[in-house]
1. Where does each of 124-134, 142-152 land if you order them by average Cβ count within 10 Å, highest first?
2. In whole percent, how big is the carbon plus sulfur part of the accessible area of segment 50-107, probe 1.4 Å, protein atoms only?
3. With r as the distance between the Cβ atoms of residue 32 and residue 204 and R0 = 30 Å, compute the FRET efficiency 1/(1 + (r/R0)^6) and round to 0.05.
4. What are the ³J(HN,Hα) values, in whole Hz, obtained from phi via the Karplus relation 6.51 cos²θ - 1.76 cosθ + 1.60 with θ = phi - 60°, for each residue of segment 94-106 in sequence order, with x given for Gly and Pro?
5. Using a basic spin-label model with each label point 7 Å from the Cα along Cα→Cβ, how many nm lie between residue 76 and residue 18?
6. Using R₀ = 30 Å, calculate the FRET efficiency as 1/(1 + (r/R₀)^6) where r is the Cβ-Cβ separation of residue 188 and residue 55; round to 0.05.
7. Per 10 Å bin from zero, what fraction in whole % of the C-alpha pairs of segment 61-157 is there, up to the bin with the longest pair?
8. With every protein chain kept in place and ligands, DNA and RNA left out, what is the accessible area per residue of segment 1-82? Probe 1.4 Å, answer in Å².
Amino acid sequence: MAIERRPLRDQIKAEVLARSRRGDFPAGHNINEARLAAELGVSRTPLREALIALEIEGLIESSPGKGFRFAPVTPREYEELSPVVAALEALALESSSAAYLDRTAPRLLELAEEFAATEATQAEVEQRDDEWHELLLGGCSNERLMDLITTVKASLRRYVHLKLGDETQVSRSADEHRLIAQRLIAGDLSGAVLALKANWTSGTDQVLTRIDSAWPNGDGIVGGLEVIVEGMHQDRAESGRDVPEEHRARRGGGSRGR
């Protein structure tokens, strides 16, 4: 890991996020701090600071005696996060410099066309999507708002693989990006804002279905198994220990959602 002129904990945090997005850390995976610190070539103090920051953002959770683990993915979390990100990005777009949007819209449309026309790996698609949204909101000068967007999206990014899992959804996403850019080129900011919100909220049902099919027990952990420190496993599907009440209800046939 290259050392840059920024706090070490921030570099560690960025690396952990990158590994999480690559799928190195499954939902529910416990973090072996000593092993991870050795892999990154850092001490456990800045690593713990980075993990605490990620816990605040909702990507990681901790419990006494068990340390840190990557939080499970759940239908409820996705249902709650998706409209929040949509609203925050819409506000950022509305707050953006008009001159910036006029100057950037043609490039956004060009990138959207490339997005639809070229074949790419899922990782490349995810990277392009992130870069497209960063370019879209590059004219927003509200730093607090942009920091908040970054924080909330850190949790939502765990669902990217479920959202962009097939060619149909990738094509639809490209169409949605194209529409946003076209609205901006036409000078229709309100239309672009509506299209941006739709981009974030579309496909919610498909994502929720994928979560349920991948983790039928509703706990965000494959097969009801949670990865424990040093690779040990404990089957919680039978006992229901440490499983939230709402998850136990779903195992007994309770309905999904709030």
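1. 124-134, 142-152
2. Here it works out to 59 percent.
3. Working: r = 34 Å, r/R0 = 1.15.
In this case the efficiency is close to 0.30.
4. Values, residue by residue: 5, 8, 6, 4, 4, 5, 4, 5, 4, 6, 8, 3, x Hz.
5. 3.5 nm
6. 0.15
7. The calculated distribution, bin by bin, is 13, 35, 34, 13, 4, 0.
8. Each residue of segment 1-82 exposes 50 Å² on average to a 1.4 Å probe.
The values are calculated or read from the model by the stated rules, or taken from the named source; none is laboratory data. Computed from a predicted model, the values in this text were never measured in an experiment. Positions of Cβ are generated from backbone atoms using ideal geometry, with glycine treated the same way; all protein chains shown enter the neighbour counts. Accessible surface areas use protein heavy atoms only, side chains included; no ligands, DNA or RNA. Shrake-Rupley method; radii C 1.70, N 1.55, O 1.52, S 1.80 Å.
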